[in-house]
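Participant: Okay, here's the structure, questions in a sec.
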Amino acid sequence: MSQIRLGIVGCGGMSKSHARGFEEISDRVTVAATVDIIEERARQAAELFPGAKAATDYRSVLDDVDALLLVLPHHLHHPIAKDCLEAGKHVLLEKPMANSEEECLDLIATAERVDRVLMIAYCMRFHPLIVRLKQLVDEKAYGDMFQFSIWTEQLTKYPPDHWASSAATLGGGQLFSHGCHYIDLLLWFMGKPIRGSHVGTNYGTPWMEREGTSNVMIEFEGGRLGYHFGTWGARGSRLRYSFHAHCTEGMLEAATTQGKLYVHRRGQTQLLMEAEPGKHTQNEMLHFLECIETGRRPLTDGPGSLQGLRVIWRLYEAEEKRTVADLRGLGLDEVEL
């Protein structure tokens, strides 16, 4: 099997988290180019991959690659991903897909038209602890799940002139930028949403134009509840990243920061699985490569990713009106485009 030539566009912090996993899959993919508007960052990234070409313009490397990993400011996702797709390249696009529904629909249509893979980088779908948690929930190993709670607590601070401090270039606030991971997980675990609410604040995160702390509650079909609490203002944390699946015969806990999966029941705690701490983006990349090689539709494809963003936009709208959001009919299989 020939290696897929990959280009990385955007060599900031997120690209480094992806780069750490490439050694494990070096038989499947080779990083042929690294691109950043800051030349020094592109060159430093290229040094991690022998033979990689460093460049400041993504268009200059399109002939050297089969696929691209785009790790860019959110407002650049749509134009650059579209260019790459139309150049005949497969695209693994960091979340969120784009800053508007119109841009998302355009990317989905472009990928279909040129018959190239468009995958959104929701890495938590491929984390081994989350994958095993999903299997146990689907198997009803500990009964029926009636609530899924997700905590993400971190300190993420940007300077005032940074693109991520601006609601226009970020696309929203913490919920849109980071919480989209966890709205995606709630939809994956729990199915079709019915109604929900969001309350956000930038109190404690004054560097954010929009919310830096976010609370979401969603009711799903069958009466199950999903909850996400996230903050970029944590000066300390015990939970960090923690996922609690409350089932009728026990509570499953994926403590991804610790790399442990537990079940709590009958007053006892049992360790079910351990995994290396980290984002495990190599698993995400392997799925992307398999989709390129086999024509399989990505687990985190464009239509599914857009549904999650539609949920967020609907929650934002309801928050502004101080009402409960109607979340029915937001999947591309449920509404007319």
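Participant: I need a count of the residues in the stretch 119-157 that are closer than 23 Å to A81 by Cβ and over 19 Å from the mean Cα position of the chain (by Cα).
Facilitator: 0
Participant: Among what's in the stretch 127-148 and is in contact with a helix residue (DSSP H, G or I) (Cβ under 6 Å, 6 or more places away or on another chain) and either outside the structural domain of E249 (by TED's automatic domain parsing) or under 11 Å from M251 (Cα atoms) (or both), pick the residue that is surrounded by the fewest Cβ atoms within 10 Å (Cβ to Cβ).
Facilitator: M145
Participant: Kindly establish whether R235 is of a type outside the set (D, E), touching a strand residue (DSSP E or B) at 6+ places or on another chain (Cβ under 8 Å), assigned to a loop (DSSP other than H, G, I, E, B) and buried (at least 22 other Cβ atoms within 10 Å of the Cβ).
Facilitator: No: the conditions fail for R235.
Participant: So in the stretch 98-119, with the set limited to residues that are closer than 26 Å to D63 by Cβ and touching a Gly at 6+ places or on another chain (Cβ under 7 Å), which one is surrounded by the most Cβ atoms within 10 Å (Cβ to Cβ)?
Facilitator: Looking at the filtered set, the residue picked out is L118.
Participant: Could I ask something else about it? Cβ contacts < 7 Å: first residue under 22 Å from G173 (Cα atoms) and at pLDDT 95 or above, restricted to the stretch 65-84; second residue outside any strand (DSSP E or B) and among the acidic types (D, E), any location; separation 6+ or different chain. Result?
Facilitator: Short answer, once both residue conditions are applied: H78/E103; H78/D106.
Participant: For the stretch 234-249, how many residues are among the small types (G, A, S) and within 23 Å of V311 (Cβ to Cβ)?
Facilitator: 2
Participant: What's the number of the only condition in (1) in contact (Cβ under 8 Å) with a residue 12 or more places away in the chain; (2) farther than 24 Å from L306 by Cβ that S214 fails to meet?
Facilitator: Only one criterion in (1) in contact (Cβ under 8 Å) with a residue 12 or more places away in the chain; (2) farther than 24 Å from L306 by Cβ is unmet by S214, namely (2).
Participant: Pick from the stretch 53-98 the residues that are among the basic types (K, R) and more than 23 Å from the chain's Cα centre (by Cα): which of them is farthest from R113 (Cα to Cα)?
Facilitator: Restricting to residues being among the basic types (K, R) and more than 23 Å from the chain's Cα centre (by Cα), the top hit is K53.
The values are calculated or read from the model by the stated rules, or taken from the named source; none is laboratory data. Computed from a prediction, not measured in an experiment: that's the story for all the values here. Quick reminder, even Gly has a Cβ in these numbers, built from the backbone with ideal geometry, and neighbours come from all protein chains shown.
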